[in-house]
Each structure stands twice: as C-alpha cells, then as structure tokens.
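Asks: Have a look at the structure that comes next, please.
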Amino acid sequence: MSSSRKDHLGASSSEPLPVIIVGNGPSGICLSYLLSGYTPYVKPDAVHPHPLLQRKLTEAPGVSILDQDLDYLSEGLEGRCQSPVALLFDALLRPDTDFGGNMESVLTWKHQAEHALPHLVLGRNLPGGAWHSIEGSMVTLSQGQWMGLPDLEVKDWLQKKRRHTPAPGTEPRSQRGLRNSRATAGDIAHYYRDYVVKKGLGHNFVSGAVVTAVEWRTPDPSPLFQVSGFLTGDQGRQPFLLWARNVVLATGTFDSPARLCVPGEALPFVHHELSALEAATRVGAVTPASDPVLIIGAGLSAADAVLFARHYNLPVIHAFRRAVDDPGLVFNQLPKMLYPEYHKVHQMMREQSILSPSPYEGYRSLPGHRLLLFKEDCQAVFQDVEGVEKVFGVSLVLVLIGSNPDLSFLPRAGADFAVDPDQPLSAKRNPIDVDPFTYQSTRQEGLYAVGPLAGDNFVRFVQGGALAVASSLLRKETRKPP
C-alpha cells in the first residue's frame, strides 16, 4: 500500500467522515468537485434562452445554485431525461444544445474552501472508472461536449493537449467524420483522470479500492455507516475499514457483464468484454483466415464489436434474439445523422437477413436465434425462429447482452432499495428509488445513489444527480441552522 493511500484511509478510519463515495466514474468525480468547495453561480450578465428559467434565476442574484430550491428551479423543464434536477443542471451548463446551439454555460464557478466537505472517493480503477476498461479507439455514444464535467470543456482540454489527429481517411472507417463531435473512449478516460488532477481533487481519491461491505446502524439522531474492503497493489490485499455519516453509491453498471446462463459459457473461447477481441487480434489469435467471430447481442456494445471486427476484416456471425424490425431495438432510437456507423450495422443486420447471397462479405446475421450451448470444440448451437437447431464453428465468442451493477457489498445486492424490492436491481428497469431532488434513498437515510444506479444513464445527465446530492449534503453537514 502506498504511503499516500495509507494516509487517505488511516486518517479517516478513527473519525467518521461526512461522506464516502463508492465509485470514481463521472458521477463520483463531479460530486467530489462540488463537495470540494467549487460553487456554481449564475453569471451576472447571463440571459438563459428558457424564459421561465431565466425569470427564476433573476429572483436570487448572488445566491449559489447549491443554496437555491432545486425543485422550484427545475419545474417546467423538459428534455431527454426523466430527472428534473438533471435537466436543470444540463440546461445551465449547455443552455441550447438540444436546438443545435453552442451557447456558453450561464454558470461561473468560485472556489470557496470554507464550503468544502471532507470526503473520500473509493474506486477500483483510476479516476474515470469503467471508461478505463473500454477499448480506447471506440467512439463514444454521446457527443464529446456532452461528456464534459463542469468548468473544463472536453474540446478545450483536447486543444490544450494538442493531440495528434489522424490524416483524413487513415482512421477506422467507423470514426471518420465523427471526431469533431464525438470523442474516443480513450480520450474521455484520459480527460476524467486529468480533470481530477487539474481541479486539485486527487487527495480525495483512492484508486484500487474494492468495497466488500457497507453496513449501518441507526443511533440517535442519524445513521452511521461502516465501509470495509481492501486495497489492491504490489503487496497484495490490504484491508481497510472506514466510518461515514453518509454514503453515496456511484458505481455505475459495468461491473458485472450479463450472461446467457447456458452450458459451456465458461469455456475459454467465450468472453463477455470487447477487450478480449482486441487482445486476440493484437496477438494474431484471430485473423481474417480464422473461423468467424461470434458476436451475440443487439445493443451498442455488440455493434461496436461488429465495427471493430469489420475494420480488421474478421469474419463475423452476429446473433440476436430480437427481430431486426423490433421497435425496442436501440438503433431505432438513434438519429441517423449523428450515429451513421450504428445505423450501418443495423442496415447490415436487416439486409443480410433478407437478401441472399449476403451483400456483406464476411458478415452473417442470425436474427431471432436463441443460443442453446457451446461445445468444447469451438462450436455454438442455436435454435432458430422455427425451432430448428443450427451448429456453427467459431474462433471466439463475445456475449455482449448488457451488464448489471455489482452491489454485492449491500444486503441482498441492493434490491431492498430498488423501486420494486421484489425484483433484481437494474439500472434500466428497476433502479434505486431516490428522492428526485436530493437523490437520497427513499428507504435509508444517509444513503444516496447517482448515475445509472438512479436511472441516469448518460454522462450528460449524471451531473444533475451530483448537484442534487451535493446540495443535500452541504445543507445537512455544513449549513445547518444555528
């Protein structure tokens, strides 16, 4: 264990911290920024294009957003998110982005150290969380400007870094024409890590920290949380135990890839992460002359894998249980102009399934097919829509059917805090039930959830959850009435 990490945990183990944040992705970073004394104010001369919001902003001049009524400010806002505070913060940071504008944020930031609230951010990876596990050349789903955190735009950061831009036509086909609006996953992972450094937040972050249990007791007048786990490093596992008055869950949903639960899924040629295909390609284990790579799934991760394989001329079998024209398919929900490469995959899925011979050499789609089992000799057995079994020889399998949050450190893996406690917790179908204006659990005082765990699945909107939590915690911990 490094001395800095010992200092982080040792100093906080005896005295309860006001806040512990579990997860160091965009949600955790943004919340740390807000708890570190960085305070948002409306610029004195700013005019917001939303008339009702503009009127409300002028009613409390000189009062920070953190000290205002978030319920009142967010009333009447509409957008691509169900969370009112997420819509509010997004509207303040990017006032007219949904209308194609590029108006600057109406916020200005002041660092007021006297308003800082001591806290620790525990993460398995470097700051940026799961972004460090995504294949670096993949283009992000959201526009680059939507991936940014407060007071440091991605485009400005990229310009200062003076990163090399590939010559036209030399970058992967899936990325051509997109770099002006959408960054790569590698860019974003580097940006988040650099953001923590540039904003002076590093002393709040402990990387390589695996939380194994969060327990609490409820003495008067408020709960006390015990957070235990271990640090990973050259010296093996080093246990830690911390106490906190509040815990914020910010782990995201990429910890536990979803599985098919079929025989043979644990065989060595079956994988659940795109990085496995990248590694196999790099060492020459999979080549254009190999048996096809089998990609299972009909979401964006599966589409990324198809694009990656096509770029390296690898033969592909693409299997998915839904019909190509299923309205619930994610491709039907993305604007074609902004996501041309994903619509190209959708077109391949559709045309290859109805045209014979296939217009796409080396690609075969299997719509409506259900995987039955994998065999040790690198074979996959499917059942088609008519119940007929089909067997395919493959070189490598990627099962990319989504992922689930890993809240195994909570009782019943967090299900007790979900909207429906009788069903497994799911970011899309059954998130943690939180108050929409504080993001505090409706079932446990002092326990908060942000990001996908609370139903906010895009970086653009997770920051509103951080605003709500910071406002609640600062009122509770530092701005109590005398």
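Asks: In the range 379-395, is there at least one residue being touching a helix residue (DSSP H, G or I) at 6+ places or on another chain (Cβ under 9 Å), open to solvent by 20 Å² or more (accessible area, probe 1.4 Å), among the aliphatic types (A, V, I, L, M) and closer than 27 Å to residue 279 by Cβ?
Replies: no
Asks: For the subset of the range 426-482 comprising residues that are farther than 18 Å from residue 414 by Cα and β-branched (Val, Ile, Thr), which member is farthest from the chain's Cα centre (by Cα)?
Replies: Looking at the filtered set, the residue picked out is 478.
Asks: Further question on the same structure: Within the range 310-324, can one find any residue that is under 19 Å from the mean Cα position of the chain (by Cα) and part of a helix (DSSP H, G or I)?
Replies: Within the range 310-324, not a single residue is under 19 Å from the mean Cα position of the chain (by Cα) and part of a helix (DSSP H, G or I).
Asks: Please work out which one of (1) modelled with pLDDT of 90 or more; (2) open to solvent by 40 Å² or more (accessible area, probe 1.4 Å); (3) not in a loop (DSSP other than H, G, I, E, B) is the condition residue 63 fails and give its number.
Replies: So the condition that residue 63 fails would be (3).
Asks: Okay, moving on. Within the range 299-308, work out how many residues are more than 12 Å from residue 364 (Cβ to Cβ) and either open to solvent by less than 20 Å² (accessible area, probe 1.4 Å) or touching an Asp or Glu at 6+ places or on another chain (Cβ under 8 Å) (or both).
Replies: The qualifying residues number 6.
Asks: Among (1) closer than 17 Å to residue 364 by Cα; (2) at pLDDT below 90; (3) among the charged types (D, E, K, R), there is one condition residue 341 misses while meeting the rest; what is its number?
Replies: (1)
Asks: Starting from the range 59-79, keep only residues that are of a type in the set (Asp, Glu), then list their pairs with residues that are at pLDDT 90 or above whose Cβ atoms are within a distance under 8 Å, requiring at least 6 positions of separation or different chains.
Replies: 67/471; 71/84; 71/437; 75/84; 78/87
Asks: Out of everything in the range 411-444 that is over 25 Å from residue 72 (Cβ atoms) and of a type in the set (S, T, N, Q), what residue ends up being surrounded by the fewest Cβ atoms within 10 Å (Cβ to Cβ)?
Replies: Applying the filter and picking the extreme gives 423.
Asks: Between 120, 141, 92, which is of a type outside the set (Gly, Ala, Ser), at pLDDT below 60 and either out of contact with any Asp or Glu (no Cβ under 8 Å at 6 or more places or on another chain) or crowded, with 23+ Cβ neighbours inside 10 Å (or both)?
Replies: Residue meeting the stated conditions: 141.
Asks: Here's a follow-up. Just give me the residues in the range 24-46 being in contact (Cβ under 8 Å) with a residue 12 or more places away in the chain and assigned to a loop (DSSP other than H, G, I, E, B), in sequence order.
Replies: 24, 25, 36, 37, 43, 44, 46
The values are calculated or read from the model by the stated rules, or taken from the named source; none is laboratory data. A quick note: this is a predicted structure, and the numbers were derived from the prediction, not measured. Ideal geometry is used to build each Cβ from the backbone, glycine not excepted, and the neighbour counts take in all protein chains shown. Note: accessible area is taken over every heavy atom of the protein model, side chains too, but ligands, DNA and RNA are not part of it. Shrake-Rupley method; radii C 1.70, N 1.55, O 1.52, S 1.80 Å.
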